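The structure appears right after this line, and notes come after that.
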Amino acid sequence: MLLIENLSVSYGAVQALKDVSLEVPHGHVTAVIGANGAGKSTLMRTLAGLTKPQSGQVTFNGEVISGRKPEDIVRMGIALVPEGRSTIPELTVEDNLKLGGMWRSHAQRNASLSRAYSLFPVLGERKSMRADTLSGGERQQLAIGRALMTGPQVLLLDEPSLGLAPLIVTQILELVARMAWDSGLAVLLVEQNATVALRIARTGVVLNLGEVVKSGPAAEIASDEELRHAYLGY
Ligand SMILES: Nc1ncnc2c1ncn2[C@@H]1O[C@H](COP(=O)(O)OP(=O)(O)OP(=O)(O)O)[C@@H](O)[C@H]1O
Ligand SMILES: [Mg+2]
């Protein structure tokens, strides 16, 4: 389990996260929802070691990871799919995938590659094509596939719905939820699109101006009209 305790992060005078605590258990999707600027990407970047926390602690299966280098964190089994689908446009689909988990053995990487192709068949069909020929939804699958190539136990997904049609988003996220359930992966999903995130998550956490204002069963959060109006704008 990934355990986040009293995490605070600031960029100079801007306090992006204030005393954030949450748990990300294995086998489930935990959704952090919140408007623009709520601190969602800051949370993800801090968990991945790309931003240093001001205070607080992150532990993974009992081991402290906050303050460690990004490459150590990914080797410990925590993989980030950053906002904006960071695939390399001029490389083929397969070469993009192979960039994930370069330090792993040949056998491990081959096993992960087969798994990525069976989870996302479209990637297998297009493996020799350049990434920039893919549609938005296919590129998001490639970004997730690349993160899976590192053999993670925790998957951090930063706003995968951005710019995608609702049906594609639902398909991708349902697949991610099934993968969590089947393989015990812990998934932390951050989303502005609360409806779809809460539909596939077990637990929902509402972040507003860097603070957790509510957390609980996803269905409960989804049906809380007052909360939706106040923080989620719908
Ligand atoms: N590198 C940075 N330097 C200074 N301020 C930053 C930096 N990155 C983010 N911020 C500020 O921190 C706050 C949280 O930003 P963050 O990107 O984490 O929000 P978010 O919830 O991911 O927003 P969005 O939904 O737009 O992606 C915002 O006020 C933002 O302007
Ligand atoms: Mg963001």
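Read-outs throughout are calculated quantities, based only on the coordinates presented, and are distinct from any laboratory measurement. If you're wondering where the values come from, they're calculated on a predicted model, not measured in any experiment. A quick note on method: Cβ atoms are made from the backbone with ideal geometry, for glycine too, and the neighbour counts reach across all protein chains shown.
If you take the charge dipole of the chain about its Cα centre, with +1 on Lys and Arg Cβ and -1 on Asp and Glu Cβ, which of Val29, Ile221, Pro152 is farthest toward its positive end? The one lying farthest along the dipole's positive direction is Pro152. With unit charges on the beta carbons (Lys and Arg positive, Asp and Glu negative) and the dipole taken about the Cα centre of region 89-149, which residue among Ser105, Met129, Ala116 sits farthest to the positive side? The residue sitting most towards the positive pole is Ser105.
Residues in region 223-229 carry Karplus couplings, in order, of 9, 8, 5, 4, 4, 4, 4 Hz; the curve used is 6.51 cos²θ - 1.76 cosθ + 1.60 with θ = phi - 60°, and Gly or Pro positions show x. Does region 89-149 classify as rounded, prolate or oblate by the C-alpha gyration tensor (a ≥ b ≥ c root eigenvalues; a/c under 1.5 gives rounded; else a/b over b/c gives prolate, otherwise oblate)? It is prolate, given that a/c is not under 1.5 and a/b is the larger ratio. Summarising the amide proton neighbourhood of Ser66: residues at separation of 5 or more, or on other chains, whose placed amide H is nearer than 5 Å comprise Val58. Coupling constants for region 142-152 follow from the phi torsions by the Karplus curve (6.51 cos²θ - 1.76 cosθ + 1.60, θ = phi - 60°), and in residue order they are 5, 4, 5, x, 5, 5, 5, 5, 7, x, x Hz; glycine and proline get x. Amide H contacts under 5 Å for Ser55: Ser8, restricted to partners 5 or more places along the chain or on a different chain, H placed in the peptide plane at 1.01 Å from N. For the chain, a Gaussian network of Cα nodes joined below 10 Å ranks Ile88, Ile33, Ile200 by mean-square fluctuation, and the top entry is Ile88.
Full extension of the chain between Arg75 and Glu174 yields a length gain of 33.0 nm, computed as 0.36 nm times the residue separation minus the alpha carbon distance. Taken one residue at a time, the phi angles of region 89-101 give Karplus couplings (6.51, -1.76, 1.60, θ = phi - 60°) of x, 8, 8, 6, 4, 5, 5, 4, 4, 5, 5, x, x Hz. Gly and Pro are set to x. Think of each Lys and Arg Cβ as +1 and each Asp and Glu Cβ as -1; about the Cα centre, that makes the dipole of the chain roughly 620 debye.
Which whole-number percent gives the relative contact order of region 89-149, counting Cα pairs below 8 Å spaced six or more residues apart?
Relative contact order of region 89-149: 55 percent.
Rounded to the nearest 20, the size of the Cβ-charge dipole of region 26-100 about its Cα centre is 260 debye, with Lys and Arg at +1 and Asp and Glu at -1.
Listed by chain and number, the lysines whose alpha-carbon sits under 17 Å from that of Lys98, ignoring those within fewer than 8 places in the same chain, are Lys127.
Region 154-175 and region 2-67 have Cα centres spaced 20 Å apart. Top mean-square fluctuation among Asn193, Asn61, Asn96, Gaussian network model of the chain, C-alpha springs under 10 Å? The residue that fluctuates most here is Asn61.
What relative contact order, as a whole-number percentage, does the chain give when Cα pairs under 8 Å and 6 or more residues apart are counted?
Contact order relative to length: 30 percent.
To the nearest 10 degrees, how steep is helix 166-183 against the longest Cα principal axis of the chain, on a 0 to 90 scale? Helix 166-183 sits roughly 90 degrees off the main axis of the chain.
Note on Thr133/Leu167: beta-carbon distance plugged into 1/(1 + (r/R0)^6) with R0 of 25 Å gives a FRET efficiency of 0.75.
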